[in-house]
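**Q** Before we start, here is the structure in question, set down as structure tokens.
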2 protein chains.
Amino acid sequence: MKIDERHLIQLAAVVKAGGVTEGAALLGLSQPAVSRTLSMLEGRLGEPLFVKGRRPLQPTPLGRALADHGQTMLAASRKASDTVEGFRVGRTGVVRIGGTPFFMDALIAGMIAEFQNSHPDVRIDQTYGYFSDLRAALKADQIDLAICPIDILDEGSDLEFQEILPGRNVVACGVTHPLLMKRRPQPADLLDFPWVAPPPGSPLLADLRSMLLSFGATEIKIRYSGGSLLSVINYMKTANALTIMPHTVVFSLRNEKAITALPINIAHPERALAILKRVDAARAPAADQFANHVRSSFEKLRHLIKRHEQSVVWGN
Amino acid sequence: MKIDERHLIQLAAVVKAGGVTEGAALLGLSQPAVSRTLSMLEGRLGEPLFVKGRRPLQPTPLGRALADHGQTMLAASRKASDTVEGFRVGRTGVVRIGGTPFFMDALIAGMIAEFQNSHPDVRIDQTYGYFSDLRAALKADQIDLAICPIDILDEGSDLEFQEILPGRNVVACGVTHPLLMKRRPQPADLLDFPWVAPPPGSPLLADLRSMLLSFGATEIKIRYSGGSLLSVINYMKTANALTIMPHTVVFSLRNEKAITALPINIAHPERALAILKRVDAARAPAADQFANHVRSSFEKLRHLIKRHEQSVVWGN
DNA sequence: CGCCAATATAACCGATTGTTATGAAAATCG
DNA sequence: CGATTTTCATAACAATCGGTTATATTGGCG
């Protein structure tokens, strides 16, 4: 026999409250409504749910058993209301983000942790990828946000993007690299050392190629590639290799004393770090709040870099 | 925001089934019905529950979260239906029984275990008491069944009773008792030994008194009283004491080789073991089935006793 | 015995739920 | 690429349900 879920919930409220009147109040209903519900239920079941002629109201064993089930429904219902409410204000939910590996590892992971200080009930699901993967994932609604460098001109699709950081690459090396001893290292010096290549498909790899070509290099000594950021860092700690990295990534790792930037200016890529999302995406307040957090974190980072550069003498 | 539980359940069905049509079928509803439900839900929430323009239907994160809650409701609902169905046929439920200690310990406990071989989902709640307690408990709907000796004439109340065993007491003693050596022990011999008294308030105690009085005893040596059946048995194992007990109780303990009955006939009490219940009690099929089980168990026991007595020579 | 509180009943109305019929959009397939 | 088929959305309508207020009954208690 199918029982109306609402009826079970009312029964649960009455049993828990110990009376029809109180139970009705608990649900914000009138007493007759609940009273009738109980009558109907008893009628349909053909079994009494309460011991007759007894006040305080005493449920029969069957009544008690059914009330238990109603109780779990009531709990589920309240939780559902909570999820909705939480979703509305971005307090709960899941944010699925994708991004390029270096930025995610060096910067975003920490920002996620920070974000969850104020949003402990928001879960973050992270994936890695480059622009084309991320765009596809966004369109397939597999992620809510993408964080990656994009060509500034690129536009016109059904993706909305907000620039959060202008592109700026540096040549990175281990903190004991011999080139750091030189007063004024020249671009040509770079060709004397082995290179670590950023992961295939990454914009950084294109930047690396074009930079080296602009320095007149015909051939590059690639000694290592394909590693994650942590691999690259550990590699560079012991090898006198060079690589190209986003400025902020190197900056954010400055306290590790593992890698640093060479004081050589290289061309800015025509590219900016941006947050992408579908323009027609379903509202996802938690994702919006997370995006805001990332933006403001980068804003702070930018100020920090500015102050840092005023106190430290960088290249030229 | 309050959400209609039914809507959540429909949502859950659709998400689980992977489509509106299949979800509707799962619930035995028409497709337009649940389609409209989903529209209403999205309208009220102001949030989409499914990613538009995509088939197979893909829920949004919010939709998935809400569907989870709906799923637990659906499960609870099914369980509730099961409870009702089980209750109807006596397959599930709680049976609250009360009875006199000796019968419960010696006979009923084993019958309960046996009963639950065929009714594993029926829980038995047992309490102890004598007739007046049990009657009160029945009237207060604290127990569903009482199993106790009652005076045969007693009637007329709002209790229904079914006799399951005529009253028959024996004098019990330890298996090493000296009186067992005697060819034909006489009632007068009984006065030479110390006695264990049944618990105060028990019918057995009254039987003991009247029996001893009928033997011309002016005073009885009570050495021990108040113990449960197990206490009495253990006491009698080592003391040459006597006590009075229902015949079936001693009989059911025959394999323990701890106590036995003296071959002395004593008066039958004007009393019978019966199952009592309220005539106006709520239907409790599980209790009914248990009562049937107890009755048939006693029936079997009676036959067993009869066969036993034909092979063993009892007193006189 | 009579009052008070709690529950049951009655009468009414609007919202909701179900139905069938049908249109629109998407996927499938030749 | 167009036809077909499947699936979802919409429309219109009937019936029931679930809510309300007003009122009668009932059980508990001084």
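Computed from the coordinates by the stated procedures, all read-outs in this text should not be read as laboratory data. If you're wondering where the values come from, they're calculated on a predicted model, not measured in any experiment. Cβ: placed from backbone, ideal geometry, glycine included. Neighbour counts: every protein chain shown.
**Q** Using alpha carbons only, how many degrees (0 to 90, rounded to 10) separate the axis of helix B:31-45 from the longest principal axis of chain B?
**A** 80
**Q** Partner chain Cβ atoms within 10 Å, averaged over the residues of A:70-78 - can you pull that number for me?
**A** Numbers: counts 3, 1, 7, 11, 3, 4, 12, 9, 3.
Other-chain Cβ atoms within 10 Å of each residue's Cβ, averaged: 6.
**Q** Moving on. Out of residues 5 or more away from residue B:127 or on other chains, whose amide H comes under 5 Å of its own, with H placed 1.01 Å from N in the peptide plane?
**A** Placed amide hydrogens put B:97, B:98, B:99 under 5 Å from residue B:127.
**Q** Please get the size of the charge dipole for the stretch A:204-283, origin at its Cα centre, with Cβ charges of +1 on Lys and Arg and -1 on Asp and Glu, quoted in debye to the nearest 20. Intermediate values should be presented prior to the final figure.
**A** Numbers: 10 positive and 5 negative charges, 48 e Å.
That gives a dipole near 240 debye.
**Q** Just need the relative contact order of the stretch B:5-88 here, percent rounded to a whole number, with Cα pairs under 8 Å and 6+ apart. Mind showing how you got there, number by number?
**A** Working: 88 pairs, mean separation 29.5, N = 84.
Computed over the stretch B:5-88, the figure is 35 percent.
**Q** Give me D for the stretch A:158-316 in µm² s⁻¹, whole number, from Stokes-Einstein with Rh from the Kirkwood sum over alpha-carbon pairs, 4 °C and 1.567 mPa s. Write out the running numbers ahead of the final one.
**A** Details: Rh = 17.2 Å.
It diffuses with D of about 75 µm²/s by this estimate.
**Q** Here is a further query. Tabulate in residue order the Karplus-calculated ³J(HN,Hα) for the stretch A:160-169, using 6.51 cos²θ - 1.76 cosθ + 1.60 with θ = phi - 60°, rounded to whole Hz; enter x for Gly and Pro.
**A** 9, 9, 10, 6, 10, 6, x, x, 7, 9
**Q** Summarise the partner chain shielding of A:82-89 as one whole number: the mean count of Cβ atoms from other chains within 10 Å of each residue's Cβ.
**A** Numbers: counts 2, 7, 11, 1, 2, 7, 5, 0.
For this peptide, the per-residue mean of nearby foreign Cβ atoms is 4.
**Q** Computed over the Cα atoms of the protein assembly as shown, what is the convex hull's projected area averaged over all directions, in nm²? Could the numbers behind the result be given before it?
**A** On the way: hull surface 182.6 nm².
For the Cα atoms of the protein assembly as shown, the hull's average projected area reads 45.6 nm².
**Q** How far apart, in nanometres, would the label points at residue A:268 and residue A:126 be if each is projected 7 angstrom from Cα along the Cα-to-Cβ direction?
**A** Taking the two extended label points, one gets 2.8 nm.
**Q** On to the next question. Where does the charge balance sit around residue A:97 when Lys and Arg score +1, Asp and Glu -1, over other residues with C-beta under 9 Å from its C-beta? Please report the intermediate quantities before stating the final value.
**A** Values: positive: A:96; negative: A:125, A:144.
Its environment carries a net charge of -1.
**Q** Can you pull out the GluC sites (Glu not before Pro) in the stretch A:209-316 whose DSSP state is coil and whose Cβ has at most 12 other Cβ atoms within 10 Å?
**A** On the way: sites: A:219, A:256, A:270, A:299, A:309; in loops: A:219, A:270.
The qualifying sites are A:219, A:270.
**Q** Return the average number of partner chain Cβ atoms within 10 angstrom of each residue Cβ along peptide A:273-284. Show your work: numbers first, answer last.
**A** Details: counts 0, 0, 0, 0, 0, 0, 0, 3, 3, 10, 5, 4.
What the average comes to for A:273-284 is 2.
**Q** Can you give the Kirkwood hydrodynamic radius for the stretch A:5-89, in Å, rounded to one decimal and based on Cα pairs?
**A** Details: mean 1/r = 0.0758 Å⁻¹.
Hydrodynamic radius (Kirkwood, Cα pairs) of the stretch A:5-89 is 13.2 Å.
**Q** Just to be sure I understand the model, the point goes 7 Å from the Cα along the line to the Cβ. What's the resulting residue B:188 to residue B:79 distance in nm?
**A** 7.1
**Q** Further question on the same structure: What does the C-alpha gyration tensor say about the overall shape of the stretch B:184-270? Classify as rounded when a/c is under 1.5, otherwise prolate if a/b is larger than b/c, or oblate. Intermediate values should be presented prior to the final figure.
**A** On the way: a/c = 1.36, a/b = 1.27, b/c = 1.07.
Rounded is the answer for the stretch B:184-270, as its axis ratio a/c remains below 1.5.
**Q** Next question. Determine which aspartates and glutamates satisfy two conditions relative to residue A:237: a Cα distance under 17 Å, and not lying fewer than 8 residues away in the same chain.
**A** Of all the aspartates and glutamates, those that pass the test against residue A:237 - Cα under 17 Å, at least 8 places apart if same chain - are A:256.
**Q** Tell me, what is the FRET efficiency for residue A:181 and residue A:219 to the nearest 0.05, using R0 = 25 angstrom and their Cβ-Cβ distance as r?
**A** On the way: r = 26 Å, r/R0 = 1.03.
It comes to 0.45.
**Q** With a cap of 14 neighbouring Cβ atoms within 10 Å, and only residues DSSP puts in a loop, list the GluC sites (Glu not before Pro) found in the stretch A:48-155.
**A** On the way: sites: A:85, A:114, A:155; in loops: A:155.
Listed in order of number, the matching sites are A:155.
**Q** Which of A:192, A:288, A:105 moves most in a GNM of chain A, Cα contacts under 10 Å?
**A** A:192
**Q** 5 Å is the cut-off here: which amide hydrogens, built 1.01 Å from N in the peptide plane, fall below it relative to residue A:244, excluding neighbours closer than 5 in sequence?
**A** HN-HN under 5 Å from residue A:244: A:172.
**Q** Using only Cα atoms, find the angle between the long axis of helix A:285-311 and the longest principal axis of chain A, and express it within 0 to 90 degrees, rounded to the nearest 10.
**A** So the helix axis and the longest Cα principal axis differ by about 30 degrees.
**Q** Next question, about the same structure. For chain B, calculate the relative contact order in percent as a whole number, restricting contacts to Cα pairs under 8 Å that are 6 or more residues apart. Could the numbers behind the result be given before it?
**A** Working: 464 pairs, mean separation 67.3, N = 316.
Over chain B, the number comes to 21 percent.
**Q** 222 nm [θ] for chain A, helices only, -39500 (n - 2.57) per DSSP H run of 4+, per residue, to 500? Could the numbers behind the result be given before it?
**A** On the way: 10 runs with 139 residues, N = 316.
Rounded to the nearest 500, the figure is -14000 deg cm²/dmol.
**Q** So what is the orientation-averaged projected area of chain A, using the convex hull of its C-alpha atoms, in nm²?
**A** 23.5
**Q** Let me ask another. I'd like the orientation of helix B:203-214 relative to chain B: the angle between its Cα long axis and the longest Cα principal axis, in ° from 0 to 90, rounded to 10.
**A** The answer is roughly 10 degrees.
**Q** Where in the stretch A:54-95 does the amide nitrogen come within less than 16 Å of the point 7 Å from the Cα of residue B:283, taken along Cα to Cβ?
**A** A:60-63
**Q** What chymotrypsin sites (Phe, Trp or Tyr not before Pro) does the stretch A:157-252 have in DSSP loop regions with at most 16 other beta carbons within 10 Å? Display every interim value, and only then the final one.
**A** Working: sites: A:161, A:195, A:215, A:224, A:235, A:251; in loops: A:215.
When the chymotrypsin sites (Phe, Trp or Tyr not before Pro) of the stretch A:157-252 are filtered for loop state and at most 16 Cβ neighbours within 10 Å, A:215 remain.
**Q** Given a cut-off of under 8 Å on Cα pairs at least six residues apart, what relative contact order in percent is computed for the stretch B:169-261?
**A** Details: 127 pairs, mean separation 46.7, N = 93.
It rounds to 50 percent for the stretch B:169-261.
**Q** Per residue of the stretch B:121-130, in order, report the coupling 6.51 cos²θ - 1.76 cosθ + 1.60 (Karplus, θ = phi - 60°) as ³J(HN,Hα) in whole Hz, putting x for Gly and Pro.
**A** Rounded to whole hertz, the list is 9, 9, 9, 10, 10, 10, 9, 10, x, 9.
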